[in-house]
1. Condition (residue is surrounded by fewer than 22 Cβ atoms within 10 Å (Cβ to Cβ), of a type in the set (A, V, I, L, M, F, W, C) and either in contact with a Phe, Trp or Tyr (Cβ under 7 Å, 6 or more places away or on another chain) or outside any helix (DSSP H, G or I) (or both)) applied to the stretch 115-126: is it met by at least one residue?
2. Tell me which residues, restricted to the stretch 57-67, are aliphatic (A, V, I, L, M) and either exposed (fewer than 15 other Cβ atoms within 10 Å of the Cβ) or farther than 28 Å from TYR195 by Cβ (or both).
3. ILE245: at pLDDT 95 or above, closer than 19 Å to LEU153 by Cα and assigned to a helix (DSSP H, G or I), yes or no?
4. Just to be sure, is GLN231 of a type in the set (S, T, N, Q), open to solvent by 60 Å² or more (accessible area, probe 1.4 Å) and outside any helix (DSSP H, G or I)?
5. For the stretch 165-215, which positions are assigned to a loop (DSSP other than H, G, I, E, B) and either in contact with a His (Cβ under 6 Å, 6 or more places away or on another chain) or touching a residue at least 12 places away in the same chain (Cβ under 8 Å) (or both)?
6. Sort out which residues of the stretch 98-110 are open to solvent by 20 Å² or more (accessible area, probe 1.4 Å) and at pLDDT 95 or above, and write them in order of number.
7. Would you call LEU102 touching a Lys or Arg at 6+ places or on another chain (Cβ under 7 Å) and more than 26 Å from PHE247 (Cα to Cα)?
8. Kindly establish whether ALA76 is open to solvent by 20 Å² or more (accessible area, probe 1.4 Å) and in contact (Cβ under 8 Å) with a residue 60 or more places away in the chain.
Amino acid sequence: MIQKEKEFCFCTLALGERYRSHALLLAEDIEKHSPETKLVILTDKPQEFSKYSHVLAFLHQQQSIGCYHDKRFVIAQALLLFNTCIFVDVDIRILDKITPNLEFLPGITARSCASFDKHNKLYISSVNDLHKPKRIRDLEIINKLAQKLDLNLEDNNIQFVMEMLFVVTRQDGREIEFLKHWDTIALYCELNSFYGAEGYAIGLAAAKAGLPVRWDAMDGIVYFKDWVERQKIKKGQANPDETLIYFQQHEAIEYRKNSIFQKLVRKLNKFIGYYYRSLYLRLATLSNFSFYYR
């Protein structure tokens, strides 16, 4: 299935000054390399993107505790407007012209995905002994959740999806079911203090909705992601001089100096936000008590 120029969009989440700064760079990249392609952004300050005609910025306030699962609201908004949406982490950079007619089959196309078994082994082995108990507990939560969803995690068709770059294409309404299941899964994971579980959530929700997950190299999108590029450089697969400017721009945003007052305000807002969203989470999950609490 060939996606014509205006049938797909990029989309991302940009909450807070740091992430809005990254999103502005992403907007400039897309304007340069694919000016006819829209960028859908959910953000707390849409007005900051008003000068970009290709950006569709929508007001959004953080809803999930860890913010990670708010990506589902980005996908939902983008699919209301386009047949296909390409979700990218907000700090990804686009480095070259984007193929105007990208091919994406219905369902989910991921730049990186793996069976749960394969990913779980990496998830445990990639941390030191001090952090292993927490990660083992995370996997116990996922296993219990899969049982509640009546899914067999030994089925290799259930894929963990690396959320930094993936595509969702409409498929006879299954994408709507996918988002509904993601909502249920997100609440369960956060209720059990597993906040960064969106890669698992995407895979479980897709399996439950009957939405296929496929890997694709996505050669039509040349991108920069800091930790991915570091791995390539370490393996001798990339020249660090070619992406130095992108590392510098990324670090300038990530390590921007703030006044003591700004730091205090940020910490206070984070504290208040955490308890407000925790309370909302408890109230939201009471409507399905047996699923969330037994």
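1. No; the residues of the stretch 115-126 include none that is surrounded by fewer than 22 Cβ atoms within 10 Å (Cβ to Cβ), of a type in the set (A, V, I, L, M, F, W, C) and either in contact with a Phe, Trp or Tyr (Cβ under 7 Å, 6 or more places away or on another chain) or outside any helix (DSSP H, G or I) (or both).
2. Pass one, the stretch 57-67, residues aliphatic (A, V, I, L, M): 57, 59, 65.
Listed by number, the list holds a single entry, LEU59.
3. Details: at pLDDT 95 or above: yes; closer than 19 Å to LEU153 by Cα: no; assigned to a helix (DSSP H, G or I): yes.
Spelling it out, it is not the case that ILE245 is at pLDDT 95 or above, closer than 19 Å to LEU153 by Cα and assigned to a helix (DSSP H, G or I).
4. So GLN231 fails the test.
5. In the first step, residues of the stretch 165-215 are kept if they are assigned to a loop (DSSP other than H, G, I, E, B); the result is 170-173, 192-197, 210-212.
Listed by number, the residues that qualify are ARG170, GLN171, ASP172, ASN192, PHE194, TYR195, GLY196, ALA197, GLY210, LEU211, PRO212.
6. The first filter runs over the stretch 98-110 and keeps only residues open to solvent by 20 Å² or more (accessible area, probe 1.4 Å), leaving 99-101, 103, 105-106.
Within the stretch 98-110, LEU105, PRO106 meet the criteria.
7. Values: touching a Lys or Arg at 6+ places or on another chain (Cβ under 7 Å): no; more than 26 Å from PHE247 (Cα to Cα): yes.
No; evaluated as a whole, the condition is false for this residue.
8. Details: open to solvent by 20 Å² or more (accessible area, probe 1.4 Å): yes; in contact (Cβ under 8 Å) with a residue 60 or more places away in the chain: yes.
In short, yes.
The values are calculated or read from the model by the stated rules, or taken from the named source; none is laboratory data. Predicted model, so just to flag it, every value in this text is computed and none were measured. Cβ sites come from the backbone with ideal geometry, for glycine too, and all protein chains shown count toward neighbours. In case anyone asks, the SASA skips ligands and DNA or RNA and just uses the protein heavy atoms, side chains included. Shrake-Rupley method; radii C 1.70, N 1.55, O 1.52, S 1.80 Å.
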